[in-house]
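This report concerns only the one structure given below.
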Amino acid sequence: MTRRDALRTMGSGYGMVGLAHLLADNAWATGSLSPKAPHFPARAKHIIHLFLNGGVSQVDTWDPKPMLTKYAGQPAPSGNLQTERKTGNLLKSPFSFKRYGKSGIEMSEIFPQLNARVDDICVVRSLHTDRPNHEPSLFRMNCGSPLPGHPSMGSWVTYGLGTENQNLPGFVVLCPGLPVIGPQLWTSSFLPAVYQGTYLANNDSDPEKLIRHLRNHEISLEEQRRQLDLLGKLNSMGLEREGSDTELEGSIESMEIAYRMQSQAMDTFDVRNESAATQARYGSGDFARGCLTASPGTIMTTS
Amino acid sequence: MRDDLDKFKRELPPPYPYLHTIRDNEKPANARVHIRGSADNLGDEVPRHFLSILCDGEPPAFHQGSGRMELAAAIANPGNPLTARVMVNRIWQHHFGWGIVRTPSNFGRMGEPPTHPELLDYLAARFMENGWSIKALHREIMLSATYALSAAKLERNFAADPDNRLLWRANRRRLDIEALRDSLLYVSGKLDGKVGGEAQPIAEEKNDRRTVYAFVSRRRLDPMLALFDFPNPNSTSDERMATNTPLQRLFFLNSGFVMRQAEALSARVAKEAGAENAARIRRCYRLLLNRDPSPKELQLGLEFLRGGGKSWSEYAQVLLSANEFYFLN
């Protein structure tokens, strides 16, 4: 790999970060989700990735554009832009910007509550893309490459750091309905299957409706444990015959998580357990409920 | 008036089967270039002809009607091997999990080159020779030594080619939802093999028909289909993802569908194999896994069944949830 290749790969995100480790370690023992020590001491406890497909424009929120205001109502001084439709005159943001907090970060008036918290926020304004289209950009944002076939960020994080909560999937995707592209946005791709995102359509607040088949009303948990012990033995005998295989191992691990999820998910995903005051602070709707669900733990991506 | 409407609706004859087709416009016209794909930004009018980027020089204009027939003939022309290559690659992908070209919708410079270019060309040529017969192609692929390989792992081969690009073994694959649901119904003895007829929602408990007859709603995809990676029905899909998530395992643990099949399977083996637990377990293994249980597997089964109560359907549920049933080796 040339220096240029290396730079390009790093520039497009998560590309090669964990590959050296992956190549060195192909023994996928069970417990591949247990917490692993990071290379650098971590200051963050959780990652909640809110991916707002079709969200508000940066020019109306955190990224003031003085030149846009200056040339408002005029054609772009750079000449006619090649865009999908006929290019009109420039439109300035209808919102005003002010500096807030000790950091003096400029923010728009549309987030009066957030403005008071600006010193807790890191705003990145250097984001740039060479993709004018939605689908490649969705891949770029979630998987680090505009083409399909790369693991998503959540898969990399779960692969690299594991998860402290062994009773729920380490990487959860909350989205009411499927977003454009769908499961490829949380795929583990060439990483072992156990690191892929678990998708939950969070249109409902009742965990039993949110997660289908969450409970068995005919077989007790003790009886189910007996079933799973037998299943575990049969599956590991199969593994001995077949040799190590990430798909088979991922399936075994998924079954154990599924069993533990039955009890844990009833609490974690039931936002109705939160106080009325907390619920009121988050507001109503799928998105608010997704944010409230995401806060207690694990790594979550809201698409 | 509402009552009248209801009455008329009740009196409607049952809907007859119909098919949407396309008919040529009587006076087809040339279209103008949409600059950068925009209908508001029109360029020159262009006569209808085959794609010039795929031709040497400017291709001749089409003359018959809209030119659809001539376009179809140019696409399926023996002198244009791309169409046959793409088709045989899709069929190969269906049998092996990966195509000979691993980017099935991109045979261009941005796609992956074929792992076996001569094989791809051979199959494409055979496909055309056999009058584009898909059945003949399936047969030729499935009679090959490569198709007959098992998924068994050889360490030496694995070290040299972990992605199995050289096809030294079969790719282990999770059953897709159609094969999975059909297999669960088949082993429980409940599969309705009737051919043809109207699509029916698979969420209906009494629906034991093959999954190929599942009613697919574009607006609201059936949750069982969605759980096992049925593609989004609003767009074309060139390959099936096979995820492996805890939610899918919850389906095996708790869904009414799997529990019903487990009960039906235990009733079936009781009827077919008699009162002996060992004979029933052997029957289960033959039905589900196409082999006899090992002495250890038999012993584990017998121990589990000593739990009494509903042990038999619980045991059947375990076998239905086993990796060996779920994956194709």
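Each reported figure results from applying straightforward, stated rules to the coordinates on display, with no laboratory input. Everything quoted here is computed from the prediction, not taken from an experiment. Please note: Cβ atoms are built from the backbone with ideal geometry, for glycine as well, and neighbour counts cover all protein chains shown.
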Checked against the positive end of the charge dipole of region B:1-75 (+1 on Cβ of Lys and Arg, -1 on Cβ of Asp and Glu, about the Cα centre), the farthest of B:Pro59, B:Leu19, B:Ile75 is B:Leu19
Residue-wise, which Karplus ³J(HN,Hα) couplings in Hz belong to region A:40-47, taking 6.51 cos²θ - 1.76 cosθ + 1.60, θ = phi - 60°, and x for glycine or proline?
10, x, 8, 9, 8, 9, 9, 10
If you count, for each residue, the other Cβ atoms within 10 Å and average over each peptide, how do B:154-161, B:320-327 line up from highest to lowest?
B:320-327, B:154-161
Taking amide H positions as placed in the peptide plane 1.01 Å from N, state which residues far from A:Phe171 in sequence (5 or more) or on other chains have amide H under 5 Å from it.
A:Thr198
Using every Cα-Cα pair within the protein assembly as shown, state what percent have a distance larger than 30 Å.
66
Roughly what angle does helix B:81-96 make with the longest principal axis of chain B, taking Cα atoms, 0 to 90 degrees, to the nearest 10?
10
Pull up the cross-link candidates among the lysines for A:Lys65, meaning alpha carbon to alpha carbon under 20 Å and not fewer than 8 places away within one chain.
A:Lys92, A:Lys98
Per the charge dipole of the protein assembly as shown (beta-carbon charges, Lys/Arg positive, Asp/Glu negative, Cα centre), the residue among A:Gly104, B:Asn30, B:Ala136 reaching farthest to the positive end is A:Gly104
Long-range amide H partners of B:Arg209, meaning residues 5 or more apart or on another chain whose placed amide H is closer than 5 Å, are B:Asp192
Determine the shielding of peptide A:209-218 by partner chains: average, over its residues, the number of Cβ atoms on other chains within 10 angstrom of each Cβ.
5
Rounded to whole Hz, the Karplus (6.51, -1.76, 1.60) HN-Hα couplings of region B:186-197, x for glycine and proline
5, 5, 6, x, 9, 4, 8, x, 4, 9, x, x
Per the C-alpha gyration tensor (a ≥ b ≥ c, the square roots of its eigenvalues), region B:174-329 is rounded if a/c is under 1.5, else prolate if a/b beats b/c, else oblate; here it's prolate
Find the eigenvalues of the gyration tensor of the Cα atoms of region A:141-199, then list the square roots of 5 times those eigenvalues as equivalent ellipsoid semi-axes, largest first, in whole angstrom.
18, 15, 8
Cα-Cα over 27 Å, subset of A:Lys233/B:Lys194; A:Lys45/A:Lys233; A:Lys233/B:Lys206; B:Lys135/B:Lys194:
A:Lys233/B:Lys194; A:Lys45/A:Lys233; A:Lys233/B:Lys206
By average C-beta atoms within 10 angstrom, highest first, the peptides A:236-247, A:274-285:
A:236-247, A:274-285
Average partner coverage of B:291-299, which counts Cβ from other chains inside 10 Å
1
For chain B, modelled as a GNM with alpha-carbon contacts under 10 angstrom, which of B:Val46, B:Val318, B:Val195 fluctuates the most?
B:Val46
In terms of the alpha carbon gyration tensor, root eigenvalues a ≥ b ≥ c, rounded if a/c is under 1.5 and otherwise prolate when a/b exceeds b/c or oblate, region B:1-75 is prolate
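When the helices in chain B are scored as -39500 (n - 2.57) per DSSP H run of 4 or longer and the sum is shared across all residues, what 222 nm value do you end up with, to the nearest 500 deg cm²/dmol?
Details: 14 runs with 144 residues, N = 329.
It comes out at -13000 deg cm²/dmol, rounded to the nearest 500.
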Order of A:218-230, A:255-267, B:131-143, B:17-29 by packing, highest average Cβ count within 10 Å first?
A:255-267, A:218-230, B:131-143, B:17-29
So what's the net charge close to B:Ala74: Lys and Arg +1, Asp and Glu -1, counting the other residues with Cβ under 12 Å from its Cβ?
+1
For A:Leu50, enumerate residues with amide H under 5 Å from its amide H, sequence gap 5+ or separate chain, H modeled in the peptide plane.
A:Thr302
Determine, from the Cβ-Cβ distance of B:Glu11 and B:Lys296 and an R0 of 60 Å, the FRET efficiency 1/(1 + (r/R0)^6), rounded to the nearest 0.05.
0.35
Select from region B:220-276 those trypsin sites (Lys or Arg not before Pro) which occupy a DSSP coil region and have at most 12 other Cβ atoms within 10 Å, ordered by residue number.
B:Arg220
Is the shape of region B:72-207 rounded, prolate or oblate, going by the alpha carbon gyration tensor and its root eigenvalues a ≥ b ≥ c, with a/c under 1.5 for rounded and a/b larger than b/c for prolate?
oblate
Pairs of alpha-carbon atoms within less than 8 angstrom and 6+ residues apart define the contacts here; what relative contact order does region B:36-121 have, in percent?
15
For region B:212-227, in order, what is each residue's ³J(HN,Hα) by Karplus, 6.51 cos²θ - 1.76 cosθ + 1.60 with θ = phi - 60°, in whole Hz (x at glycine and Pro)?
4, 9, 5, 6, 10, 9, 6, 7, 9, 5, 3, x, 5, 4, 5, 4
Step by step: find N for region B:128-241, compute 2.2 N^0.38 Å, then divide the Cα radius of gyration by it. What's the final number?
1.37
I'd like to know which of B:Val269, B:Pro223, B:Ala151 lies farthest towards the positive end of the charge dipole of chain B, counting +1 on Cβ of Lys and Arg and -1 on Cβ of Asp and Glu.
B:Val269
Assigned charges on the beta-carbon of Lys, Arg, Asp, Glu; region B:80-171 dipole about Cα centre (debye)
180
Given Cβ point charges of +1 (Lys, Arg) and -1 (Asp, Glu) and nothing else, what value in debye, to the nearest 20, does the dipole of the protein assembly as shown about its Cα centre take?
420
Compute the relative contact order of region A:41-119 as a whole-number percentage, counting only Cα pairs closer than 8 Å that sit 6 or more residues apart in sequence.
26
For chain B, what relative contact order do you get, as a whole percent, if you take Cα pairs closer than 8 Å and at least 6 residues apart?
11
Is there a simple number for the mean count of other chain Cβ atoms within 10 Å of the Cβ of residues in A:249-257, and what is it?
5
